[in-house]
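Here's the structure, in C-alpha cells; my notes come after.
The values are calculated or read from the model by the stated rules, or taken from the named source; none is laboratory data. All of these numbers come straight from a predicted model, not from anything done at the bench. In case anyone asks, the SASA skips ligands and DNA or RNA and just uses the protein heavy atoms, side chains included. Shrake-Rupley method; radii C 1.70, N 1.55, O 1.52, S 1.80 Å.
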Amino acid sequence: MKAWSWMRLSAVGRVGNALPIVLGLALAAAVPAQAQSTAILRSSLQLAVCLNDWDSAIARAGELEKVPDLPIKTQAELVILRRQMQVLRQNQAVVTNIDACQPVLEGFGLPGYSGRPLQLERAAASQVGLSSSTLIPDQIIRQLEAFWQAGLGVSADTPLDPLAEARRINTRSGSGVSTGAVSRYVDVYAFLGAEGDTPSLDLDVIQQRPGLLYTDDSSLLFLFDTAGRLLAEARTTSALQPQLDNLPLPATGVYYAAVTTPQHRPVLDAGGFITGWQGIGTSAVTYTLTVRGVTPSPQLGVGGR
C-alpha cells in the first residue's frame, strides 16, 4: 500500500477558531478497475474544496468512502472530513487559506491564482534563453506578466490520461480565449463551468499549414466533462468552422476541449467516456479557441450557490 497525502485546510472567519481539516488518502499504488475513477473523484473533491463548494465536496467525500478495499483509517479520515465540511456548509464559511489550492486553481482566472511564477524575472530569463543573472528588459517582463495573468502560461496534468497536460483557459469574465497549432495529434484545454451554464465554443482557423496529406482548414473540436464523457463534437464544414453552441453543463467542475485535425479522433468506451486517441491528423492549422457563456470563475469560489 502506498499512502497519498493531500491537503490541509484551515477555516477562518465565521467558523470562529481555526478548524483544521486533514484529508489523508491511503490508496493502493494501483487499484485495478477503480484507478482512474478514484483519481477523478479525488480531483473533483480537491476542486470542490478549493472553490468552497461544500455540497459537492461532501458528496465526493461520501463517494470516496465507498471505494473498495479502502483502509479503515482512511475511511475514518474521510468521515471526519465530511462532517467538518458539513459544519462549514452550515456556517456558510468561506475558507481562504487553503494549502495546495494553487495548482488546483491557477490559470482559471480566480483572484490570487494567476499561475504567475514566484520569480517572474527568472521565468522570463528562461523564456528568452538567458541566464537568471542577466537583466531582462522591462518590456519582456511586462509582456510575460500579461501572459501569465491571462492564464496562457498554465497547463496541468489531469486525472484522465487521454486529456493530460491540459492548458487552462482563464474565464474570469465569463469568457476566455487561447491559441494553438495542431497537426497530427491533439491540443487539450481546460476551463471551469457551473451547473446549468450553456457555453458556446468557437474554433477559428487563422492559418493553414502543410499537413501530412492536406493544406486546408479542416479541424475537429470535442468537449468532454470532468469524467471524460464526450458531450459534443463539431467539425469544419463548407460553410462554418467548428463551433458548439449553447451546451448545457451537467455539473460544476472542469471541462475539457480538444482540438485535432481529421482522422485523429477519441476512442470511447460503451459509456461514451474517452479511453485514448486513434489515427493521425492529416491537416495542420493555427487557430484560436474561444469559450463564451460560462459563470465568471471568481463567482465559483464563493461558497454555496
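Assorted remarks:
- Exposure ranking of 108, 273 by accessible area [1.4 Å probe, largest first]: 273, 108
- Probe 1.4 Å - accessible area at residue 218, Å² to nearest ten: 30
- Accessible-area ranking of 72, 206, 280, 274, largest first, probe 1.4 Å: 72, 206, 280, 274
- Counting only protein heavy atoms and a 1.4 Å probe, region 233-305 has 43 square angstrom of accessible area per residue.
- A Stokes-Einstein calculation at 4 °C with viscosity 1.567 mPa s, built on the Kirkwood radius of region 176-305 over Cα pairs, returns a diffusion coefficient of 86 µm²/s.
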